[in-house]
Amino acid sequence: MAEEVDLFVIGAGSGGVRAARISSGYGARVMVAEEYRVGGTCVIRGCVPKKLLVYASRFADEFEDAAGFGWTVPEPKFDWATLIANKDKEIARLEAAYTANVEKSGAQIVKSRAVIEDKHTVRLLENDRKITARYILIATGGAPNHGASIPGIEHVISSNEAFHLKMLPKRIVIQGGGYIALEFAGIFAGYGSDVTVIYRGDNILRGFDEDVRTHVRSEMEKQGITILTGCTVAKVDRHGEEFTTHLSNGSSVASDQVMFAIGRHPSVANLGLEKAGVAINPKNGGIAVDHFSKSSVDSIYAIGDVTHRFNLTPVAIREGHAFADTVFGGQPTPVDHGNVPTAVFSEPEVGVIGLTEMQARERYQRLDVYKTSFRPMKATLSGRATRSFMKLLVDGASDRVVGCHLVGTDAGELIQIVGVALKMGATKADFDATMALHPTAAEELVTMRTPTARHVRQAAE
Ligand SMILES: Cc1cc2nc3c(=O)[nH]c(=O)nc-3n(C[C@H](O)[C@H](O)[C@H](O)COP(=O)(O)OP(=O)(O)OC[C@H]3O[C@@H](n4cnc5c(N)ncnc54)[C@H](O)[C@@H]3O)c2cc1C
């Protein structure tokens, strides 16, 4: 006879773990299946290991900058193997903590791939066990895309493998212009690797504000990162330990590693969705869900990257929590996906919230733009040729700040707090009324007095 639970969660990543713990807390009998490692993408091969590598890569500039402040630093040496071993130790610690927290909540973890048999049944492939569940939650996340099957694609790594390279590549080619590609470009450049970014569009960071795209690109190029746009990788040849990447524009680049970071797809394949009648969203290939994360089947919900809504850890966690509140807590809770702050941990760092200037110009009759680009104070003595950038977008009618775009040190930290203000509906007058904190970069946000541009949409004739 099949075992029975109230909730079966497929995938112990950011969203699945939160949903399991909270549902368990409401008294539900919960089972969670994980086919790889508890913690999911964010903890095992996403945000957390990425940020550790980012921290490591930034020491190079710190050592260099120290000289201008009177320090003599002996020539620093970097050891990739030490970094990776320490990172792996920390990830293992976090995985154990996640496992313990799930188990402490009363939920049971099973290490197996799980597939859906019907609206209320899940099968564990590890031992062919069948479990019946009142509700099934799909939290299977996403996986890297490799794009078209070009010759030599088998030589190409994704971010998954980049975390486990045996050696630091002296030269690396990275295809992609999104946040993962640029973060790894900054990471490897920080360790002294020669980095070439290949992107098919006309500029990196598609979807971001145009000024941010231009600023980040020029700052990355200043650091010696080569960014080739308007072309793609057509073929990769291997000669022993070396690779030649042939580009669609006829040129080629030699390197020791080739990585693609050209997007991720929701993990919906071979899950048994069709058996249960779970519909896919034709617009994005993820599982189609309503505001409560319910799929086209009443007993099956989906959260996080597998729905391809807003592929960020805090969003998956919030959706997991809201699912538990809705289904087991008796409090129907939709997730508000508006004004989600986001960061790119490239070098320089990016933090954004709200609309881009183009989006805001389309939405508002009158838009005031405040922007500034300045040399950060630290760069005066260090002599580093870098500039920070800030932009506020203000709806001329209501005075509300509808977008904030930051590039520079700690932009991710800053945008989190700006997010609180925007969520509360802060106006430009509120920003102006806030006392500046001197000397900081963030004070620029409350001292930009005169709009650099005002766009007024003409009424249609
Ligand atoms: C390199 C990289 C950097 C990132 N950096 C950031 C960042 O800085 N900030 C941020 O907010 N987000 C970041 N993200 C995105 C973030 O990791 C995801 O949005 C988040 O992990 C999504 O959580 P999830 O619960 O939907 O899925 P996941 O965390 O991906 O978890 C899904 C889990 O399901 C398991 N699984 C899949 N299918 C099955 C099955 N059939 N049976 C059993 N188990 C299964 C998988 O093994 C996985 O453990 C990054 C992602 C990557 C790849």
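The values are calculated or read from the model by the stated rules, or taken from the named source; none is laboratory data. Everything numeric in this text was worked out from a predicted model, so none of it was measured. Heads up, the Cβs are rebuilt from the backbone with ideal geometry, glycines too, and the neighbour counts pull from every protein chain shown. Please note that ligands, DNA and RNA were not included when accessible areas were found on the heavy atoms of the full protein model with its side chains. Shrake-Rupley method; radii C 1.70, N 1.55, O 1.52, S 1.80 Å.
Of the residues making up the stretch 195-237, those that are farther than 24 Å from Ser373 by Cα, in contact with a strand residue (DSSP E or B) (Cβ under 6 Å, 6 or more places away or on another chain), open to solvent by 10 Å² or more (accessible area, probe 1.4 Å) and free of Cβ contacts under 8 Å to residues at least 60 places away in the same chain number 4.
Restricting the stretch 2-33 to residues that are more than 14 Å from Ile136 (Cα to Cα) and within 14 Å of the ligand (Cβ to nearest atom), the residue that is surrounded by the fewest Cβ atoms within 10 Å (Cβ to Cβ) is Ile22.
Scanning the stretch 351-381 for residues that are in a helix (DSSP H, G or I) and either open to solvent by less than 30 Å² (accessible area, probe 1.4 Å) or closer than 19 Å to Gly207 by Cβ (or both) yields a total of 8. The number of residues in the stretch 121-132 being within 10 Å of the ligand (Cβ to nearest atom) and open to solvent by less than 30 Å² (accessible area, probe 1.4 Å) comes to 2. Among the residues of the stretch 133-150, is there at least one that is within 14 Å of the ligand (Cβ to nearest atom), open to solvent by 30 Å² or more (accessible area, probe 1.4 Å) and of a type in the set (D, E, K, R)? No, the stretch 133-150 has no match at all.
Within the set Arg45, Arg58, the sole residue that is within 14 Å of the ligand (Cβ to nearest atom) and surrounded by 15 or more Cβ atoms within 10 Å (Cβ to Cβ) turns out to be Arg45. Residues that are among the polar types (S, T, N, Q) and open to solvent by 50 Å² or more (accessible area, probe 1.4 Å) within the stretch 382-426 comprise Ser398, Thr409, Gln416, listed in sequence order.
Quick grid of which residues meet (1) touching a Phe, Trp or Tyr at 6+ places or on another chain (Cβ under 9 Å); (2) in contact (Cβ under 8 Å) with a residue 40 or more places away in the chain:
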position: Gly13; (1), (2): no, yes
position: Val17; (1), (2): yes, yes
position: Pro76; (1), (2): yes, no
position: Ala96; (1), (2): no, no
position: Ala107; (1), (2): no, yes
position: Glu117; (1), (2): no, yes
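The one condition from (1) buried (at least 20 other Cβ atoms within 10 Å of the Cβ); (2) closer than 23 Å to Lys89 by Cα; (3) more than 18 Å from the chain's Cα centre (by Cα) that Val156 does not meet is (2). Only one of Ile109, Ile116, Ile84 is more than 11 Å from the ligand (Cβ to nearest atom) and open to solvent by less than 50 Å² (accessible area, probe 1.4 Å); which? Answer to the selection: Ile84.
Among the residues of the stretch 315-353, the one identified as within 11 Å of the ligand (Cβ to nearest atom) and either without any contact (Cβ under 8 Å) to a residue 12 or more places away in the chain or of a type in the set (Phe, Trp, Tyr) (or both) is Phe345. Filtered by the rule that a residue be of a type outside the set (Asp, Glu), in a loop (DSSP other than H, G, I, E, B) and free of Cβ contacts under 8 Å to residues at least 12 places away in the same chain, the stretch 412-443 gives Met424, Met435, Ala436, Leu437, His438, Thr440.
In the set (1) open to solvent by 30 Å² or more (accessible area, probe 1.4 Å); (2) within 12 Å of the ligand (Cβ to nearest atom), the condition left unmet by Gly304 is number (1). Counting the residues of the stretch 238-270 that are of a type outside the set (Ser, Thr, Tyr), without any contact (Cβ under 8 Å) to a residue 40 or more places away in the chain and on the phi < 0 side of the Ramachandran plot gives 6. The residues on offer are Val418, Val456, Val401, and the sole one that is closer than 30 Å to Glu62 by Cα and not acidic (Asp, Glu) is Val418.
Provide a single number: the residues in the stretch 249-282 that are over 30 Å from Val122 (Cβ atoms), of a type in the set (Gly, Ala, Ser) and under 28 Å from the mean Cα position of the chain (by Cα).
Result for the stretch 249-282: 2.
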